[in-house]
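The values are calculated or read from the model by the stated rules, or taken from the named source; none is laboratory data. Only a predicted model underlies this, so the values are computations on that prediction, with no experimental measurement involved. Glycine gets a Cβ as well: all are built from the backbone with ideal geometry, and neighbour counts include every protein chain shown. Note: areas computed on protein heavy atoms with side chains; ligands, DNA, RNA excluded. Shrake-Rupley method; radii C 1.70, N 1.55, O 1.52, S 1.80 Å.
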Amino acid sequence: MAYAYLFKYIIIGDTGVGKSCLLLQFTDKRFQPVHDLTIGVEFGARMITIDGKQIKLQIWDTAGQESFRSITRSYYRGAAGALLVYDITRRDTFNHLTTWLEDARQHSNSNMVIMLIGNKSDLESRREVKKEEGEAFAREHGLIFMETSAKTASNVEEAFINTAKEIYEKIQEGVFDINNEANGIKIGPQHPTTNSTLSSSQGGHQAGGGCC
Amino acid sequence: MNFLRGVMGGQAAGPQPTGAETIQKLCDRVASSTLLEDRRDAVRALKSLSKKYRMEVGTQAMDHLVTILQTDRSDSEILGYSLDTLYNIICNDEEEEQDESEDENTQKQTDDLCALFTEKFLQDPERITLLLTLLEEFDFHVRWPAVKLLTALLKSQGAQVQGIILVSPMGVSRLMDLLADSREVIRNDGLLLLQQLTRGNAAIQKIVAFENAFERLLDIITEEGSSDGGIVVEDCLLLLLNLLKNNSSNQNFFKEGSYIQRMKPWFEVGDDNSGWSAQKVTNLHLMLQLVRVMVSPVNSPGATASCQKCMFQCGLLQQLCTILMATGVPADILTETINTVSEVIRGSQINQDYFASVNAPSSPPRPAIVVLLMSMVNERQPFVLRCAVLYCFQCFLYKNQKGQGEIVATLLPSTIDANSISAGQLLCGGLFSADSLSNWCAAVALAHALQDNLTQKEQLLRVQLATSLGKPPVSLLQQCTNILSQGDKIVRRGSKVQTRVGLLMLLCTWISNCPIAVTHFLHNQDNVPFLTAQISENLGEDERLVQGLCALLLGICIYHNDNSLENYTKEKLKQLIEKRIGKENFVEKLGFITKHELYSRAALKPQPVFPSPEQMLFDHEFTKLVKDLEGVITKAVHKSTEEDKKEEEVKKTLEQHDNIVTRYKELIREQDAQIQELKEQVAALSSQHEQMQATVAQQLSQIQQHKDQYNILKLKLGKESPSQGDGSQQNGLQTEELSQLREELDELRKQHAVLQTQLAERDALITTLQSSSQTTESPAGGSDNTELLQELEALRSQVQSQSSEISHLKTERQELLTRAEAEPSDTAPPSASAELESRLAAQTSETEKMKRSVAELEQQLAASTSTAAILQTEKEKLQSEVQESKKEQDDLLMLLADQDQKIHSLKKRLKDLGETVEDEDDLDTKDQTSDDDDEEEDEDDK
């Protein structure tokens, strides 16, 4: 139950690219071939380990339909990571990436880590978007890239974990302000913040001074 | 009306400036004045008039006030007045306070005004967005009225305002920020705003939760002192309820965020529970409701199960059970705690087991279940509490075979403990008490101990009751039917129908799906006549339900009948119905159950909630049973004997089909296994294939490397003076082979030497033998020997020639080697230097030269390859020669053996002739020693 950090993720992308399936595969380790349309936003969570530390991932899976776009925008600001998903068998979902990215950049905090995901890599025969194209897009926009299959679970773990690694590194580098929960990062209960240790040590100092 | 009166009155008043006129003037000033101070004064005046002349200010000034909000953004004072005024004309609250004494008509008018002005305000949705931006103003006089105004708008036109806020960027997030405001008034009014905002809108609820609402609200509750806190805690709890009720996504988030654990301290109430404030009772009530929302039976089973598990693990359930057993807890809190515990344990084995182990702190300690049941069958306890206990008991037994067994066991003769009160005793007491409510509750509770549990249905048949002294004991089943049939004669409190309905539900649950119980029931000769009489009688409205239940009971007797009683087989019962009641009539009576007005209400949810004790008639689980049985009983009654037979046949064929299907299933399973095996094989093969491909690739790359090396060498050759890189490489390859050959030759030579020395010895031996036997030897033997000698000589010469050949080859090879070694070393670069010198010379000539040199090189290459080929053939020849010489050696050895034989025979002959010949053994030893000597010599040579 105890965790060192808590990261908030959102999953975005066109409707039908497999966002909910990715989440289900990650949290429940199963695949549901027939899935209802997501209404608004659904929540999922899982614990992972990075660098020997327990990290809790809270993931909000958003509806891809245009009509929900204004609702899902509310989730950008508070997220530390975003999985931007397209479907490798549908070029239009790849073409819409720019719009998604603009939306995300506009409404999120500037440090949000974005992972670009080409999903449905198991459907190689129906592929419409080359892996190289995805790589190029990611390079151009400074994203991490991966091709996954929610059906076979290929790279699903990696996609979520690598995003967390990137966030974790940014924390180590001091890029994220971890005391501001609006960034989508929270320090776990057993992990004292630098501030509190500082103040308590100061308190001890003062008490000592008073004694003398 | 008010509007009309106001307008009319205004016109009629004439000389004195009416409110409407003043307001019109003020509005003009607000609209046209260029000085900020003037506008501010006008708005302030409007504000002060807005309560008294709500109608007028609302109709005339609203647009002007909104314009102020847009244009005078820099002056927080005027913004504040404007917002206050708008709030006054839209909000109802203060009017309500004033108008408390007035009649309903006025109240309705103010409601109308509120709706009217809200609609007017919302004509332009941008105004909500404007209010949201005003919330960003930190100034208290702007933010506070903005919060209040938005709350009032949400209260009046919730859905519309929610829709606008939802789509305005960061709208919800901004409102969430209010909870972080350091000014308590704003934070608290922010709570009220969020309550209105989240009402019935799942999308907004989720965003609010996403914005860390749970964390903040739980923090505020803790800061404010949990249940001891004031109305702020209540507001927080109401908001939490809004966020969680019927919102599975938020419930999941709440659980995953480990917030259930944070609810546990709420229920740590002390020992002294007297004098709870009304606020504390309200707060605890809401807290209990929050727990129930998380484990509600209407949630998905998986979600409820995981929350139940969590509540046990974090000690929340234990804490609730402490309240359950504590003294001095107010009755309604106790009731709600019982309901909460019920839902926390419902269907969860661990929690049910824990609950069974809870003891009341009395001496001697009694199980909590017993203490609770005592309240259930105690008519002095409040009705809601008794309902709650029944619910708790039902939830304890829900999907709990172990618990069911334990309850039934307390009634069985073998396990009865006379010294203490048991659950079974209490239930029986309730069943036969004079209070109809106790009858009903006990019957339903007992029915739940039998639900879906054939073993307990059969076990309960064993229960015997001691009635009055001197009479034989009666079975529990018998006693139930006795009370049912004699019901009218016993004086009771409450309704007679309630008792009979309870008993009939118990009997139906008991004998359904249990043919032995049906047989027991039919065995009593009075039962069937009683039922048919009840059904066929034309009774009043309130008896209809009893009739329906009797029909259901009789129907079960037909449907679950195993025909073991001759008088009451399926067939005979059906005939009885047809004769005495009539099929149609029977089905109609059966239908009375589901047509009852209280039936569908009970079918909705498991908790027994009844507005009044009289309405306590149906149990939730029983409605499920009715649903299952109504159709099949109707069919069973309508079916003729022939149809029955047909059905039997169909059943048989179905069984056959089943057999076929099972066979196929097995086949499929086998094939599955085969497929699995084959798949594994395929996997193994494909991995092998991959390995092979990998080695092939490796080899290909090696070949490529060699080719590259070759090309590099070729290039080198092109640049530098002719060298035979590849030639040397080939030579290098051959040197290996040659060294091998050399070794072989060395060995052969050694063998030759050994053989030669042996031959020499033999020669010597033969000559001595010859000389010694010159006189006596027959000529034939002499010729033989000479022949042999000749042969030996020939062999020796052959061997010599071979060794010379070998040495010849050796020298040749040596030559080759030296050549190969020498060639790469003499690489003077004349062409490179020439290139440097002739840099100015025409490029054409250079290229030509290059071409020529390339051609030359190619020739050289061809030559070297041909020499290599020659060497190869030579090597082959040598090998074949070696092979030959080996063969010859073998022949030689054969010859030697022959010779030995001959020498033997000669010696024998000599002996026979009387010549003294050295003994064989001596000879042999001599041979050996000489051999050894030879070997030693050989070693010395080396």
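List of remarks:
- Of residues in the stretch A:39-65 being more than 18 Å from the chain's Cα centre (by Cα) and either at the interface with chain B (Cβ under 10 Å from one of its Cβ atoms) or without any contact (Cβ under 8 Å) to a residue 40 or more places away in the chain (or both), the one farthest from A:GLY188 (Cα to Cα): A:ILE39
- Candidate set: the stretch B:229-252, residues that are within 14 Å of another protein chain (Cβ to nearest Cβ) and among the small types (Gly, Ala, Ser); chosen: the one least open to solvent (accessible area, probe 1.4 Å): B:SER249
- Members of the stretch B:188-221 that are open to solvent by 20 Å² or more (accessible area, probe 1.4 Å) and either farther than 20 Å from B:GLU256 by Cβ or away from chain A (no Cβ under 14 Å) (or both): B:ASN188, B:ASP189, B:LEU192, B:GLN195, B:GLN196, B:ARG199, B:GLY200, B:ASN201
- Taking the criterion of being open to solvent by less than 10 Å² (accessible area, probe 1.4 Å) and over 15 Å from B:GLY163 (Cβ atoms), the residues of the stretch B:136-151 that qualify are B:VAL142, B:PRO145, B:ALA146, B:VAL147, B:LEU149.
- For the stretch B:501-528, a residue qualifies if it is more than 18 Å from B:ASN563 (Cβ to Cβ) and at pLDDT below 90, and exactly one does: B:ASP526.
- Any chance B:GLY9 is open to solvent by less than 30 Å² (accessible area, probe 1.4 Å) and at pLDDT below 90: no
- Yes/no for A:THR27 being within 14 Å of another protein chain (Cβ to nearest Cβ), open to solvent by 30 Å² or more (accessible area, probe 1.4 Å), modelled with pLDDT under 95 and within 22 Å of A:PHE145 (Cα to Cα): yes
- Against the criterion of being on the phi < 0 side of the Ramachandran plot, open to solvent by 40 Å² or more (accessible area, probe 1.4 Å) and of a type in the set (Lys, Arg), B:ARG462 qualifies.
- A:VAL41 meets the conditions (1) closer than 22 Å to B:PHE253 by Cβ; (2) modelled with pLDDT of 95 or more in every case but one. The failed one is (2).
- Of the criteria (1) open to solvent by 30 Å² or more (accessible area, probe 1.4 Å); (2) under 17 Å from B:SER536 (Cα atoms); (3) among the aliphatic types (A, V, I, L, M), which one B:VAL632 fails: (2)
- Tally of residues being within 14 Å of another protein chain (Cβ to nearest Cβ) and open to solvent by 20 Å² or more (accessible area, probe 1.4 Å) across the stretch A:72-102: 3
- In the set (1) more than 20 Å from B:ILE333 (Cα to Cα); (2) in contact (Cβ under 8 Å) with a residue 60 or more places away in the chain; (3) in a helix (DSSP H, G or I), B:LEU411 fails one condition alone, (3).
- Of all residues in the stretch B:253-270, those satisfying the criterion of being outside any loop (DSSP other than H, G, I, E, B) and open to solvent by 50 Å² or more (accessible area, probe 1.4 Å) are B:GLN261, B:ARG262, B:LYS264, B:PRO265.
- Conditions (1) assigned to a strand (DSSP E or B); (2) surrounded by fewer than 21 Cβ atoms within 10 Å (Cβ to Cβ); number of the one not met by A:PHE43: (2)
- If you filter the stretch B:563-588 down to residues that are open to solvent by 50 Å² or more (accessible area, probe 1.4 Å) and not in a helix (DSSP H, G or I), you find that the one that is nearest to B:HIS523 (Cα to Cα) is B:SER564.
- Within the stretch B:536-562, the residues that satisfy the criterion of being open to solvent by 60 Å² or more (accessible area, probe 1.4 Å) and more than 17 Å from B:PHE586 (Cα to Cα) are B:ASP542, B:ASP562.
- Candidates B:ASN283, B:ASN339: the one that is open to solvent by less than 20 Å² (accessible area, probe 1.4 Å), farther than 23 Å from B:PRO606 by Cβ and away from every other protein chain (no Cβ under 14 Å) is B:ASN283.
- Given (1) open to solvent by 30 Å² or more (accessible area, probe 1.4 Å); (2) farther than 22 Å from A:GLN58 by Cβ; (3) within 13 Å of another protein chain (Cβ to nearest Cβ); (4) not small (Gly, Ala, Ser), index of the condition B:GLU184 fails: (3)
- Helices (runs of 4 or more DSSP H) within the stretch B:115-209 that include 3 or more residues more than 22 Å from B:ILE231 (Cβ to Cβ): B:126-134, B:140-156, B:158-167, B:171-176
- A search for C-beta distances below 7 Å between a residue of the stretch B:145-171 that is away from chain A (no Cβ under 14 Å) and any residue that is basic (Lys, Arg) and surrounded by fewer than 22 Cβ atoms within 10 Å (Cβ to Cβ), counting only pairs 6+ apart in sequence or on different chains, returns B:GLY158/B:ARG199.
- Pairs where the first residue, in the stretch B:377-393, is farther than 18 Å from B:GLU343 by Cβ and the second is assigned to a loop (DSSP other than H, G, I, E, B), C-beta under 7 Å, 6+ apart: B:VAL377/B:SER433
- Criterion violated by B:ILE593 - all others in (1) in a helix (DSSP H, G or I); (2) modelled with pLDDT under 90; (3) within 18 Å of B:THR634 (Cβ to Cβ) satisfied: (2)
- Of all residues in the stretch A:1-21, exactly one satisfies the criterion of being open to solvent by 20 Å² or more (accessible area, probe 1.4 Å), within 14 Å of chain B (Cβ to nearest Cβ) and touching a helix residue (DSSP H, G or I) at 6+ places or on another chain (Cβ under 9 Å), namely A:MET1.
- Flag for B:VAL497 being open to solvent by 20 Å² or more (accessible area, probe 1.4 Å) and in contact (Cβ under 8 Å) with a residue 40 or more places away in the chain: yes
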